[in-house]
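The values are calculated or read from the model by the stated rules, or taken from the named source; none is laboratory data. Predicted model only: the values in this text are computed from it and were never measured. Cβ sites come from the backbone with ideal geometry, for glycine too, and all protein chains shown count toward neighbours. For the accessible areas, the whole protein counts, side chains as well, though only heavy atoms, and no ligand, DNA or RNA atoms are used. Shrake-Rupley method; radii C 1.70, N 1.55, O 1.52, S 1.80 Å.
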Amino acid sequence: QVQLVQSGGGSVQAGGSLRLSCALSGITTDSVCVGWFRQTPGKEREEREGVAFIYIARGTTDYADSVKGRFTISQDNAKNTVYLQMNSLKLEDTAVYYCAADGIRLWVGDTPRCDTTPFNFWGQGTQVTVSS
């Protein structure tokens, strides 16, 4: 079965960096989107913010405006792992971060729209705390 196992995260001061990892198993195609989401206290699961996405078959990436230029999503196909490198962290980046995966559902022309994917497979979540 599909499994996503997260590692990384922790506490860091504002301006610092952290890297999250998401090890994927049980996925038999590369026509898959992987996304990183975050959930802050008081928000419901459905309100998780998608911050970064990658289409595995092409390495195509997409970012939320809130993290563009600071976060980088990448993949290591040999390790079946997707990473989220977070630099210049801000207090408002504090959240539980989740990775998620599912098959691509929407194309706009030749562009995969991973941000619209209804993700059904999720990692266990990891806390990221940014302090002043």
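A few comments on the model shown:
- Note on residue 65 and residue 28: the model spin-label points, each 7 Å out from Cα along the C-beta direction, lie 4.2 nm apart.
- Surrounding net charge for residue 103, when Lys and Arg each add one and Asp and Glu each subtract one, Cβ distance under 15 Å: 0
- Solvent exposure of residue 107, expressed as accessible area, is near 100 Å², computed with a probe of 1.4 Å over the protein chains only.
- Two-site label geometry, residue 88 and residue 72: point separation in nm, points 7 Å out along Cα→Cβ: 1.3 nm
- Note on segment 1-129: with neighbouring protein chains present and a 1.4 Å probe, carbon and sulfur make up 46 percent of its accessible heavy-atom surface.
- In the chain, Cα pairs under 8 Å separated by at least six residues give a relative contact order of 34 percent.
- Note on segment 4-74: the alpha carbon radius of gyration divided by the globular reference 2.2 N^0.38 Å gives 1.20.
- Solvent-accessible area per residue in the chain equals 51 Å², computed with a 1.4 angstrom probe and all protein chains kept.
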